[in-house]
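What follows is a set of notes on a single structure, which appears directly below.
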Amino acid sequence: MTEVTTRTGRGNPPSAGRGRSQRGMWHAALWIGPAMVVMLFVFAYALVQLFTQSFKYQGEWTGWDNFRIVLTDPLFHTALAHNCELLLCVPVLIALALMLAIVLAETIKGHTWFRGVLFFPYILPVTVVGVVLGQLLTLNGAFNTALRDVGLNVLAQDWLGDPAIALWTMGGVIVWKEVGFGVVLFLARILSLPAETYEAASLDGAGFWRKHWSITLPQMTGVIAFYAVTEAIVMVSWVFNYVYIMTNGQGGPGDSTVVTELYIYRMAFADHSIELAAAAAVVLFALTLVLVVAFFRLQRKSLLAVVGE
Amino acid sequence: MRRTIRATALLGVAALALAACSSGSGTDTASSAAPTASASPTSTEPVTLTMSWWGDQEAPGAQKWLTAAITAYQAAHPNITIKETLQTTDGLIPNFEAAAAAKTPLDIQYFWGGIYAQQPGWNGNITPISDLLPADEIAHYTNAQMEDSYQGKVWVAPWYVNPSFPVLVNKDLLAKNGLTVPANWADFLKTCDTLSAKGITTIAGGVKDGWFGGWLYSILGAQSVSSQKQVLDAVVGNAKFTDPALADWWTRLQESQQHKCWNNDINSQELYQAQQLFVDGKAAMTVTAGPDAPNFATKAGGPSKIEVIAMPAWSDGPLAGKIASSSQTLGVVSWSQHKAEAAAFLMFLHSADQLQAWYDMTGSLPADDRFDLTQVTDPIKKALFSYGTDNVPYLENFIPAQLDSDAVFKNVQLVLKGTETGAQAAADMQAQMERLRTTDRNMVSNFTNWASSQ
């Protein structure tokens, strides 16, 4: 749109430019319209219903009552705390994905195969991952059996049955599944970087670490930030499937893996408190909105950086 | 960027404004079906009934029986077509809630008894079966009054009896280790000590999916109460779950953990997975669903090798040493367009031929006192059916389902892991109950009314 306005301003009479611009807008609206209608129906209607229910109880307006109950519910605090703890997986994901992407970029033989292997978990359905890993990680499952067979008995834990480590096991599974996405993103960016810079650095005597620390990393801040925000959104509002499948919808053992989405689900469909579920969902929506705004801000920054280049 | 933020803010404001202006759909109240109580199909027009049920996972053969029953009913009533859909254990309640919210075409729904039938009734999602069937018919249905009645109405029609829950004992395995079937709690703990010292699991269970926690609550917790009324009193706040009669079972559970009675991976095994240890001869005992117990015993070696007992008694309370009786049920949903036809089909399922066919195909007890018990000769079935007609309440069915999952399931996992004591578990159960009285604003009145019906 900026480009159109600039060209119009340079070469055409103002009235003709306005007409063309208006025609262009109608044209765009015609194309965007159907999708907008669907979006409004799916999202705006759902949002209206959500906000409506969050302020009502059995059809009666109750003001902030539902929010007061949810925000003072110890289980909601526990669920939110678990989401926050899962956010610690984001730096792990970034470091791991970056390291693997750099290694892959440097790998000459078999790099396509390695890329496939790393990306494979990302395309697996969460249900499959949850069921398979849920079985592998039982106390007497294949993972611990393998550890015991090689003499690492001390490492064989009740990964999903011990409340002290169950959330971190869940985090590990999420990292294993999500890291492939980061590797592909980072690798694409690394391969688009100009080779001349690296050649010049090599001539100046820079080694592996120096090159990637001083050349690769500074040029990847945009894509790293994008990945960080995307994964933060995953950890805050997209881990329900993992928890539901791997703990049979319990968030156990005890409350050790209850997350906000599971809290909302249980409130709505197990506890029959649809209005409290709506209030909790509004809180989660607000938290996610903060991340979404950060996401748009970073996306715009990255685009401006690309245009600037 | 500002535009993006402005647009997002506008969307939020618009949503709030619309929310404020929206009249809302309000709550659904139970459709007031005219109490016909006749149970004969009223329509000669083509009618399609949709039935959602749980399948035959605890009563193998139930699917075959239902298919035959539907075929027979459709032959007798050519204008009626019955479609059935299956639900999983985890999906049974949420899918019904979703169907009720969306008013998905549905006529007959499977419910577990007690609170699992009461709750949808309170939510207005069931038409009381007592409005649709004659009282003298319902009087024959096992456990209908004890579990499924509310203020003079009966919500659902019991289908088959679930003796809840028998303990199966491998006598051979015990004998090989110089042991006999434990007669009481002290015997049971000694059995655990002996077997665990030899690396053998005494009793197999899985609590990862939670359900077994509810079973343990009932078979251990019932031993120190005199009736379900005590539990209902604790729910409404007239007693506490930390009172000795309601809390001591947690200590017994802790003892079983300390004596290494259970398989060491109980927290990472699901209920049905863990029971396989017993079938495989790797555990001396397990707890099974009542209707499935005869099949289970057969798979594990038959009556010569397997004995059915109640959970060893740790108390001398009136319910100690007994197996509770609960009935799985079918109900007519409140938004059904064919309530009379649905009720007539449920009544057909209680006809003499169908009761006999149920027993023949599943080997379990139909929930109807017109079934001829004298024909049962198998010792395991005889023992189970005797318990099943004893009218002993199944405690899990008398607490809020939320308390079951938020306190019982959860704390059983923690006590069996050894990360929590029995006293801590009881305190948490009481705390969860107090929390639920806040989050479920109708709970106290619903449970008070229910208690007055008992």
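Screening residue B:91 on (1) of a type in the set (Gly, Ala, Ser); (2) within 11 Å of another protein chain (Cβ to nearest Cβ); (3) under 24 Å from residue B:150 (Cβ atoms) shows it passes everything except condition (3).
Listed by position, the helices (runs of 4 or more DSSP H) inside the stretch A:67-183 whose residues that are buried (at least 20 other Cβ atoms within 10 Å of the Cβ) number at least 2 are A:74-87, A:89-106, A:126-136.
Within the stretch A:41-58, how many residues are at the interface with another protein chain (Cβ under 10 Å from one of its Cβ atoms), of a type outside the set (S, T, N, Q) and over 30 Å from residue A:173 (Cβ atoms)? Of the residues in that region, 8 qualify.
Residues that are closer than 30 Å to residue A:169 by Cα and modelled with pLDDT under 90 are absent from the stretch A:82-95 altogether.
Just checking: which of the helices (runs of 4 or more DSSP H) contained wholly in the stretch B:120-187 hold 1 or more residues that are modelled with pLDDT of 95 or more and not assigned by TED's automatic domain parsing to the domain that holds residue B:308?
Correct list: B:135-138, B:144-148.
Quick check: is even one residue across the stretch A:264-285 surrounded by fewer than 16 Cβ atoms within 10 Å (Cβ to Cβ) and polar (S, T, N, Q)? Looking through the stretch A:264-285, none of the residues is surrounded by fewer than 16 Cβ atoms within 10 Å (Cβ to Cβ) and polar (S, T, N, Q).
Look through the stretch B:387-410, keep the residues that are outside any loop (DSSP other than H, G, I, E, B) and either among the aliphatic types (A, V, I, L, M) or over 19 Å from the mean Cα position of the chain (by Cα) (or both), and return whichever of them is farthest from the other protein chains (Cβ to nearest Cβ). The residue in question is B:395.
Scanning the stretch B:391-409 for residues that are farther than 16 Å from residue B:144 by Cβ and either modelled with pLDDT of 95 or more or out of contact with any Asp or Glu (no Cβ under 6 Å at 6 or more places or on another chain) (or both) yields B:395, B:396, B:399, B:400, B:401, B:403, B:404, B:405, B:406, B:407, B:408, B:409. For the residues B:265, B:280, the requirement of being out of contact with any Asp or Glu (no Cβ under 9 Å at 6 or more places or on another chain), without any contact (Cβ under 8 Å) to a residue 60 or more places away in the chain and under 29 Å from residue A:246 (Cβ atoms) singles out B:280. Identify the residue in the stretch A:251-277 that is over 24 Å from residue A:50 (Cα atoms) and out of contact with any Ser or Thr (no Cβ under 7 Å at 6 or more places or on another chain) and, among all such residues, is farthest from the other protein chains (Cβ to nearest Cβ). Looking at the filtered set, the residue picked out is A:256.
The selection criterion, being over 22 Å from the mean Cα position of the chain (by Cα), among the basic types (Lys, Arg) and within 14 Å of chain A (Cβ to nearest Cβ), holds for residue B:417. Within the stretch A:59-71, the set of residues being without any contact (Cβ under 8 Å) to a residue 40 or more places away in the chain and facing chain B (nearest Cβ under 8 Å) comprises just one member, A:59. Of all residues in the stretch B:188-199, those being surrounded by fewer than 16 Cβ atoms within 10 Å (Cβ to Cβ) and either modelled with pLDDT under 95 or among the hydrophobic types (A, V, I, L, M, F, W, C) (or both) number 1.
For (1) modelled with pLDDT of 95 or more; (2) not hydrophobic (A, V, I, L, M, F, W, C), each residue gets a yes or a no:
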residue	(1), (2)
B:412	yes, no
B:418	yes, yes
B:421	yes, yes
B:424	yes, yes
B:427	yes, no
B:430	yes, yes
B:438	no, yes
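The values are calculated or read from the model by the stated rules, or taken from the named source; none is laboratory data. In this text, all values refer to a predicted model and were calculated from it rather than measured experimentally. FYI the Cβ positions are ideal-geometry reconstructions off the backbone, even for glycines, and counts take in every protein chain you see.
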